[in-house]
1. What FRET efficiency, computed as 1/(1 + (r/R0)^6) with R0 = 51 Å and r the Cβ-Cβ distance, is obtained for GLU179 and GLU298, rounded to the nearest 0.05?
2. How do the peptides 281-291, 79-89 rank, highest first, by the average count of neighbouring beta carbon atoms within 10 Å per residue?
3. Can you compute the FRET efficiency between GLU193 and THR224 using 1/(1 + (r/R0)^6), with r the Cβ-Cβ distance and R0 = 30 Å? Round to the nearest 0.05.
4. How large is ³J(HN,Hα), in whole Hz, for each residue of the range 155-164 in order, when computed from phi with the Karplus curve 6.51 cos²θ - 1.76 cosθ + 1.60 and θ = phi - 60°, using x for Gly and Pro?
5. Could you please rank ILE186, ILE273, placing first whichever residue has the fewest other Cβ atoms within 10 Å of its Cβ?
6. Where the only charges are on Cβ atoms (+1 Lys, Arg; -1 Asp, Glu), what is the dipole of the range 67-274 about its Cα centre, to the nearest 20 debye?
7. SER290 to LYS241: FRET efficiency via 1/(1 + (r/R0)^6), r the Cβ-Cβ distance, R0 56 Å, to the nearest 0.05?
8. For a quick check of your reading of the filter: which GluC sites (Glu not before Pro) in the range 68-159 sit in a DSSP loop and have no more than 16 other Cβ atoms within 10 Å?
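Since every read-out is calculated from the coordinates, none of them should be taken as a lab result. For clarity, every value in this text was computed on a predicted model and none was experimentally measured. Here the Cβ positions follow ideal geometry from the backbone for every residue, glycine too, while neighbour counts run over all protein chains shown.
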Amino acid sequence: MELPQSKKKSWALYGITLVIVALIILGGNALLSKDSAEDTEAAAPSSTARQTSEAAAKRVSDGEPFVVVKSEGDHLELKSGTTAIILDVIQSDAIRVRVNPNGAAEPDTEVIAFTEFDPAGATIDATGNLVRITTDRMEAAIDLNKRSLTVYDAKKKLLLEQPDLLNTLQDEIEFKHDEDDRFYGIGGYEASENSADGILLGTAEFVQGGKQGHPGAPLAWSSTGYGLLVDTINARFYNSKGIVSFTNTSKKSPQYFILVGSPADMMATVADISGKPPLFPKWSMGFMNSEWGIDEKELLQHVSTYREKQIPIDASRSISIGRRGAKTTTASSGGMRRSSRAELPDS
């Protein structure tokens, strides 16, 4: 039976509609599949990206174990690939650590004044994987396979642990310690600063030279009985969750000192390393006239008056800090700078 012409048109339109709907559904599924694939690809890094990330994470841990090159007296030399690791017992309470990439060391910064020390009488046992350094004040152990350094006091109490000495090449001088240990050092307060927080170090500090009366040095020490002195001009200091570290240091060949003992003993050792501050001569340790901001003429007038009146002044000095072209001495970035001498002001 033949359908009427109007019904034929209706069925034709209906068929076309079904085809269009089918195409839309198929196309949508294809787009969804493509989007899903793109999302999956975006969520999962490429093989190259993963390899790069893994290589970055392993750039230190893939280093070779330490090998003993030399052990003599207070001196121990190790190597890992082309990197030289040198440990020296400079005193019975202090060890100097140097990590030199390609065996090359950079010059010392102004922090270091002395590099030669009297024999400390240390004993170094380098016969096994665990190299032991012993004095009457401390003990240190180096695991050659792990490349770690552990430090104890004379009573075998664990003080510090450095998981991998080669991490210092990534600008991370880092040690584990007891979370209850408190740290001091690094810097102080300027004359105008609020010092209500006291001298206990926080979790993050800037390491920089002091100015306007307060000290500054890459030195952090704990009343528990140990300290760290780093050879650097400026750095960042962090202490959190039992990990203390120095980062953003100024040298690619790290050098640092591990100190053990009482605060007084550690400060004495630091002075032996960085030098003692200049003091007035003994003949001037009696009565002294010290004034800020006067010129040479006024200074000489004071001296003449003291002599005329036989006032027993042993010394007189003038201090000028940052006054219009005057001779100044200021601390900046851990070093001392002296400006050129200019004519002093009249008043």
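1. 0.35
2. Details: 281-291: 11.0, 79-89: 19.3.
Result, highest mean Cβ count within 10 Å first: 79-89, 281-291.
3. On the way: r = 27 Å, r/R0 = 0.91.
My answer for the efficiency is 0.65.
4. Rounded to whole hertz, the list is 9, 6, 7, 5, 10, 9, 9, 9, x, 8.
5. Details: ILE186 24, ILE273 21.
The fewest-first ordering by Cβ neighbours comes to ILE273, ILE186.
6. Working: 18 positive and 31 negative charges, 94 e Å.
Rounded to the nearest 20 debye, it is 460 debye.
7. 0.75
8. On the way: sites: GLU72, GLU77, GLU110, GLU116, GLU139; in loops: GLU110, GLU116.
When the GluC sites (Glu not before Pro) of the range 68-159 are filtered for loop state and at most 16 Cβ neighbours within 10 Å, GLU110, GLU116 remain.
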